[in-house]
1. If each residue's Cβ is checked for other Cβ atoms within 10 Å, how do His57, His34 rank with the fewest at the top?
2. Among the complete DSSP H segments of the chain, which ones combine at least 24 Å of alpha-carbon extent along their axis with a mean Kyte-Doolittle hydropathy of -0.5 or more?
3. Which whole-number percentage describes the relative contact order of region 21-153, with Cα contacts under 8 Å and a sequence gap of 6 or more?
4. Compute the signed sum of charges (Lys and Arg +1, Asp and Glu -1) over the other residues within less than 14 Å, Cβ to Cβ, of Asp81.
5. Counting other beta carbons within 10 Å of each Cβ, put Met116, Met126 in order, fewest first.
6. How charged is the neighbourhood of Val155? Take every other residue with its Cβ under 13 Å from the Cβ of Val155, and add Lys/Arg as +1 and Asp/Glu as -1.
7. Let me know the longest stretch in the chain that avoids all trypsin sites (Lys or Arg not before Pro) found in a DSSP loop with at most 15 other C-beta atoms within 10 Å.
8. Among Val73, Val132, what is the fewest-to-most ranking by other Cβ atoms within 10 Å?
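Read the figures in this text as sums done on the coordinates, not as results from a lab. Not measured: the values here are computed from a predicted model. Cβ sites come from the backbone with ideal geometry, for glycine too, and all protein chains shown count toward neighbours.
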Amino acid sequence: MNLLIISASLNPDSKSRLLADEASSALNAKGIAHEELDLRDLPLPLCDGGAAYGDPHVAQASKILGQADGIIVASPIYNYDVNAALKNLIELTGKGAWENKTVAFLNAAGGGSSYMSVMALANSLMLDFRCVIVPRFVYATPADFDAGEISNPRVRERVAECALATAALTKQRCG
Ligand SMILES: Cc1cc2nc3c(=O)[nH]c(=O)nc-3n(C[C@H](O)[C@H](O)[C@H](O)COP(=O)(O)O)c2cc1C
């Protein structure tokens with residue numbers, strides 16, 4: 001079983017990256033191996049449905065995603081959706097990289113009102129790429145963070161529960 005944690009925020013002070021780091025710590029604490037992909041480290045062209053597919057970083061992203069059986073996606077909420085960088089990654093890598101994956105979401109948002117925003121992407125991954133979505137979501141707001149750390153212990157717990165549930169479901173689906 002191969003697990004991947006994606007951090008999709010391009011903000012150097014990202015809060016969703018703290019959620020990704022917490023998921024990584026929770027997996028490490030149980031000795032569960034995983035890879036990490038921070039989109040800041042792999043600048044991607046905007047998907048144009050054509051020439052962008054030939055970019056070497058797109059090939060690299062496709063390879064990393066292609067090797068994963070389970071993917072934990074940590075992303076910001078922008079305009080009642082995930083951020084464009086994550087959407088762009090999915091557009092560039094597509095079915096070949098995402099089909100049949102087990103996928104979980106950790107989201108950071110500016111307030112509580114956008115809590116169902118990830119569902120458009122979840123639906124798309126389910127219906128288009130036959131992904132299985134882990135029925136544990138983490139949705140955190142600024143009140144859950146302080147001084148560059150997750151300050152709400154319940155959010156830490158929920159991230160760990162989500163990460164371990166993703167590992168268990170991925171393992172089960174790998175047979
Ligand atoms: C362009 C933009 C759009 C945003 N749209 C929303 C939104 O629709 N709902 C919300 O709750 N927060 C919104 N926010 C706030 C972000 O979700 C929040 O700053 C979050 O911490 C971003 O994740 P990050 O810190 O990992 O980059 C928006 C922020 C930006 C910059």
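1. On the way: His57 14, His34 20.
With the fewest neighbours first, His57, His34 line up as His57, His34.
2. Numbers: long enough: 153-174 (31 Å, -0.25).
Helices meeting the criterion: 153-174.
3. Values: 156 pairs, mean separation 27.6, N = 133.
This gives 21 percent for region 21-153.
4. Values: positive: Lys87; negative: Glu91.
Net local charge, Asp81 excluded: 0.
5. By the 10 Å Cβ count, ascending, the order reads Met116, Met126.
6. Details: positive: Lys15, Arg136, Arg154, Arg156, Arg158; negative: Asp21, Glu22, Asp144, Asp146, Glu149, Glu157, Glu161.
Result for the local shell: -2.
7. On the way: sites that count: Lys30, Arg130.
Longest stretch, sites excluded: 31-129.
8. Working: Val73 25, Val132 16.
Ordered from fewest to most neighbouring Cβ atoms within 10 Å, Val73, Val132 come out as Val132, Val73.
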